[in-house]
Amino acid sequence: MAKPIIAPSVLSSDFSDLKSSFRLFHESEADWVHVDIMDGRFVPNISFGFPVMSVMRKLTDKFFDVHLMIVEPEKYLDEFKKAGADQVSVHIEACPHLHRTIEQIHHLGLKAGVAINPHTPIAILEDILADIDIVCLMSVNPGFGGQSFIEHTYQKIEQLVKLRDKTHSQALIEIDGGVTLSNAKKLIETGADVLVAGSAIFKTDDPVATANKFKNIDI
Ligand code: DX5
Ligand code: ZN
């Protein structure tokens with residue numbers, strides 16, 4: 001089994017000292033930077049926008065995995081590219097014209113993903129799965145870091161693995177929310193390719209060592 005891609009969520013980092021927080025990306029084996037954008041409309045919280053993201057972009061060369069928890073994401077794709085996105089995931093619940101939005105992301109030269117809420121059935125992905133690079137499977141209700149993992153997620157991963165085979169899709173499966181060192185192994189064994197972890201990395205005494213533990217989990 002391949003090692004997972006580890007994407008620390010900077011939502012849980014210290015915003016008063018981003019430079020120090022971002023040392024994690026130089027000093028650990030973490031692969032991606034998971035950037036959570038919240039608009040106070042799609043989700044009941046507001047995180048940060050382009051100016052902060054542009055500052056983050058200057059602090060590391062690592063791959064920016066941008067998770068848009070916003071309504072009408074298609075209006076801002078160009079701006080997210082300018083702010084440094086390598087990959088943009090939009091919520092299926094926020095996109096009535098999802099196929100067009102995915103095309104727009106690809107036309108910008110970025111990887112494109114679809115994020116899906118805990119209550120949204122996997123089957124809804126059938127006609128988009130072959131066109132996307134990643135599914136961001138929410139294992140908490142989006143909006144906040146530090147929430148508890150929803151156990152039903154394992155079943156959804158199993159369903160997604162089957163649907164990916166059926167549709168000949170290459171999309172990665174990313175798990176976002178409540179991921180810890182205790183559930184990481186089972187998530188990988190069930191089919192997760194990418195693990196997002198915010199509080200389980202940044203809220204520990206030694207985030208570098210913790211990120212490395214996630215990367216080298218015994219599978
Ligand atoms: C939740 C965000 C997550 C969050 C994860 O809305 O999409 O990426 O930062 O944080 P933890 O790992 O603390 O659940
Ligand atoms: Zn996220």
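With the checklist (1) under 15 Å from the mean Cα position of the chain (by Cα); (2) closer than 18 Å to Asp131 by Cβ in hand, flag the one item Phe64 doesn't pass. Phe64 satisfies all of (1) under 15 Å from the mean Cα position of the chain (by Cα); (2) closer than 18 Å to Asp131 by Cβ except (2). The condition of being under 29 Å from Ile46 (Cα atoms), open to solvent by 50 Å² or more (accessible area, probe 1.4 Å) and out of contact with any His (no Cβ under 8 Å at 6 or more places or on another chain) holds for only one of Glu189, Glu151, that being Glu151.
Scanning region 200-219 for residues that are touching a residue at least 60 places away in the same chain (Cβ under 8 Å), under 27 Å from His91 (Cβ atoms) and buried (at least 17 other Cβ atoms within 10 Å of the Cβ) yields Ile201, Phe202, Ala211, Phe214.
Using the structure shown, decide if Asp65 is part of a strand (DSSP E or B) and either out of contact with any Pro (no Cβ under 7 Å at 6 or more places or on another chain) or over 21 Å from Ser139 (Cβ atoms) (or both).
Values: part of a strand (DSSP E or B): yes; either out of contact with any Pro (no Cβ under 7 Å at 6 or more places or on another chain) or over 21 Å from Ser139 (Cβ atoms) (or both): yes.
So Asp65 fits the description; yes.
Per this entry, Ser47 is not counted among residues that are away from ligand 2 (no atom under 16 Å from the Cβ) and of a type in the set (Gly, Ala, Ser).
Taking the conditions exactly as written (more than 16 Å from ligand 2 (Cβ to nearest atom), touching a strand residue (DSSP E or B) at 6+ places or on another chain (Cβ under 8 Å) and open to solvent by less than 10 Å² (accessible area, probe 1.4 Å)), does Leu125 satisfy them or not?
Values: more than 16 Å from ligand 2 (Cβ to nearest atom): yes; touching a strand residue (DSSP E or B) at 6+ places or on another chain (Cβ under 8 Å): yes; open to solvent by less than 10 Å² (accessible area, probe 1.4 Å): yes.
Taking the combined requirement at face value, the residue satisfies it.
Screening the candidates His99, His91, His107, His119 for the property of being within 16 Å of ligand 1 (Cβ to nearest atom), over 15 Å from Asp65 (Cα atoms) and not aliphatic (A, V, I, L, M) yields one hit, His119. Criterion first (in contact (Cβ under 8 Å) with a residue 40 or more places away in the chain and of a type in the set (Phe, Trp, Tyr)) does Phe42 satisfy it? So Phe42 passes the test. Selection over region 140-175 of residues that are under 15 Å from Val114 (Cα atoms), hydrophobic (A, V, I, L, M, F, W, C) and within 17 Å of the chain's Cα centre (by Cα) gives a count of 6. Only a single criterion out of (1) away from ligand 2 (no atom under 16 Å from the Cβ); (2) small (Gly, Ala, Ser); (3) in contact with a Cys (Cβ under 8 Å, 6 or more places away or on another chain) is not satisfied by Ser89, namely (1). Taken over region 88-118, the residue count meeting the criterion of being under 17 Å from Phe63 (Cα atoms) and open to solvent by 10 Å² or more (accessible area, probe 1.4 Å) is 5.
Scanning region 96-125 for residues that are more than 18 Å from Lys156 (Cβ to Cβ), outside any helix (DSSP H, G or I) and under 17 Å from the mean Cα position of the chain (by Cα) yields Leu110, Lys111, Ala112. Note on region 185-210: residues that are within 16 Å of ligand 2 (Cβ to nearest atom) and not in a loop (DSSP other than H, G, I, E, B) amount to 9.
The values are calculated or read from the model by the stated rules, or taken from the named source; none is laboratory data. None of the values given here were measured: they were computed from a predicted structure. Please note: Cβ atoms are built from the backbone with ideal geometry, for glycine as well, and neighbour counts cover all protein chains shown. These accessible areas exclude ligands, DNA and RNA; they are computed on the full protein's heavy atoms, side chains included. Shrake-Rupley method; radii C 1.70, N 1.55, O 1.52, S 1.80 Å.
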